[in-house]
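Let me begin by presenting the structure, written as structure tokens, before commenting on it.
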Amino acid sequence: MFKTLALTLGASLLAMSAQAATILDSLSVNRAAYVFRTNEDGVRAFALDGRVFGQSFVLDADTDNLDVDALLSTFNNGGRPNIDVNVSLLAGAGLGGTTLGSQSFVSGPVTRRDILLASFDFSSAGMLSAGQYTVRFAGFGSLGTADVQDGVGLDAEGMAFDASGPFTFGSNPARDFGLRVTGDVAVAPVPLPAGLPLILTALGAFGLVRRRRA
């Protein structure tokens with residue numbers, strides 16, 4: 001009984017050592033099918049068309065179970081009716097960092113007015129140390145949309161890249177390629193002075209139960 005209680009308390013304290021967090025989020029609130037040219041927010045998309053794009057982001061603390069969501073479409077996809085992209089997680093800012101994980105996404109025929117929300121699980125990369133990272137996209141399809149206010153895209157912390165280096169969006173209001181990055185962020189363990197009363201209370205309750213049974 002005492003062993004079970006101790007294990008339960010230990011598991012509770014361990015569970016408090018990480019919390020789910022959104023690290024980057026530039027997904028549009030308009031995730032439904034849309035008409036590109038008449039979108040009321042002036043949202044745009046970027047055609048990969050065999051090129052490579054990347055978006056960096058910053059981890060403020062050690063992070064586990066990293067997950068990337070991306071809005072993909074076939075707009076301006078060179079006449080191809082499907083999406084075929086490779087998504088990689090790189091260490092550092094830019095497209096030349098070490099590859100920590102890579103996944104592919106292939107769709108069937110998709111109308112150019114549809115957007116698919118694709119998810120990429122990079123938990124296999126393990127615990128990632130605080131620092132800069134980049135999500136790299138290559139293949140065929142379009143990336144977008146992004147949050148827009150007054151016709152101007154919202155930049156999240158980090159920088160966009162293409163094969164030439166830092167990528168300038170010009171007049172195109174899309175930003176961060178319509179991405180969401182989430183993970184389990186490590187937090188400081190419960191200090192002993194704060195956790196001790198909880199443990200003592202639990203042990204006291206355990207002792208009281210034993211006395212009543214005796």
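Couple of notes before you dig in:
- Here the condition is being open to solvent by 10 Å² or more (accessible area, probe 1.4 Å) and in contact with an Asp or Glu (Cβ under 8 Å, 6 or more places away or on another chain); of GLY96, GLY50, GLY78, it holds for GLY78 alone.
- Selected residue (only one of LEU66, LEU90, LEU71 is open to solvent by less than 40 Å² (accessible area, probe 1.4 Å) and at pLDDT below 95): LEU71
- In the stretch 153-194, the residues that are touching a Leu at 6+ places or on another chain (Cβ under 9 Å), closer than 20 Å to SER73 by Cβ, modelled with pLDDT of 60 or more and not in a strand (DSSP E or B): ASP176, PHE177, GLY178
- Only one of the numbered conditions (1) farther than 19 Å from LEU48 by Cβ; (2) open to solvent by less than 20 Å² (accessible area, probe 1.4 Å); (3) modelled with pLDDT under 80 is violated by ASP150, and that is (2).
- Residues in the stretch 106-127 that are under 13 Å from ASP69 (Cα atoms) and not in a loop (DSSP other than H, G, I, E, B): LEU116, LEU117, ALA118, SER119, PHE120, ASP121.
- Consider the stretch 45-100 and keep the residues that are among the charged types (D, E, K, R) and either assigned to a loop (DSSP other than H, G, I, E, B) or under 20 Å from ASP25 (Cβ atoms) (or both). The one that is farthest from the chain's Cα centre (by Cα) is ARG80.
The values are calculated or read from the model by the stated rules, or taken from the named source; none is laboratory data. All values reported here derive from a predicted model rather than from experimental measurement. Neighbour counts run over all protein chains shown; Cβ positions are idealised from the backbone, glycine included. We work out accessible area using only protein heavy atoms, side chains counted, and drop any ligands, DNA or RNA first. Shrake-Rupley method; radii C 1.70, N 1.55, O 1.52, S 1.80 Å.
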